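Enquirer: Got a structure for you, questions after.
The values are calculated or read from the model by the stated rules, or taken from the named source; none is laboratory data. Owing to the predicted nature of the structure, the values given are computational and were not obtained by experimental measurement. Glycine also receives a Cβ, built like all others from the backbone with ideal geometry; neighbour counts cover every protein chain displayed.
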Amino acid sequence: MPVELTARKPQPADEPRRLTGRGVLAWVVGFFAVIFAANIALVWLALDSWTGLEVESSYKAGQHYEEEIVAAREQETRKWAVTAHAERSADGRAAISTTAADKDGEPLAGLEFTAHLSRPTARQLDRTVTLVETAPGRYEAVAADVRPGQWDLILIAGRDGKRLFRSRNRMVLN
């Protein structure tokens, strides 16, 4: 008895999927939708985290430029030795301590010290505290709600309303 062989027709699952114009359009639209969504998210985050302002008014800052140069020269002639230390605790408080001595190493007492913790990328997180003199030439303060990361510590010392010292130091608080 002869064996009868019949050819089997391929099932639809066996056929390769064809790429149509509609499929290409869906891929292109999907690709650009993802790109646009990523760009919108990045622009939103960039504008929300940094205003782009270094000073409130560059015009006013320019008017005081010569005064800043004179103040910096006067500060340099004093030859003060000012050291600062800031340490952040787990509860988010930052302890700031400063020692100040004149050119002969004598402690500088009776100064009005202010410390400004400035976040380079988020001005809304900035903190300003007034340091209290705890011993001759030693000043301390605690700033609350300080997040870990990079900060600028701006120290300003004065007496009778006149600024005598200013420094800006970049630091990382853990």
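Enquirer: Which residues, counting only those in region 73-89, are closer than 15 Å to residue 166 by Cβ, touching a residue at least 40 places away in the same chain (Cβ under 8 Å) and of a type outside the set (D, E, K, R)?
Expert: Hits for region 73-89 are 75, 80, 82, 84.
Enquirer: Might you let me know whether region 149-169 holds any residue that is modelled with pLDDT of 95 or more, assigned by TED's automatic domain parsing to the domain that holds residue 67, touching a Pro at 6+ places or on another chain (Cβ under 9 Å) and surrounded by 14 or more Cβ atoms within 10 Å (Cβ to Cβ)?
Expert: Checked region 149-169: no residue is modelled with pLDDT of 95 or more, assigned by TED's automatic domain parsing to the domain that holds residue 67, touching a Pro at 6+ places or on another chain (Cβ under 9 Å) and surrounded by 14 or more Cβ atoms within 10 Å (Cβ to Cβ).
Enquirer: Does residue 69 satisfy the criteria of being at pLDDT 90 or above, closer than 28 Å to residue 172 by Cβ and out of contact with any Gly (no Cβ under 8 Å at 6 or more places or on another chain)?
Expert: no
Enquirer: So which helices (runs of 4 or more DSSP H) stay within region 9-121 end to end and still have 1 or more residues that are in contact with a strand residue (DSSP E or B) (Cβ under 7 Å, 6 or more places away or on another chain)?
Expert: 65-78
Enquirer: Continuing with the same structure: Given the condition surrounded by 12 or more Cβ atoms within 10 Å (Cβ to Cβ), in the same structural domain as residue 142 (by TED's automatic domain parsing) and of a type in the set (Phe, Trp, Tyr), answer yes or no: does some residue in region 52-68 qualify?
Expert: No, because not a single residue in region 52-68 is surrounded by 12 or more Cβ atoms within 10 Å (Cβ to Cβ), in the same structural domain as residue 142 (by TED's automatic domain parsing) and of a type in the set (Phe, Trp, Tyr).
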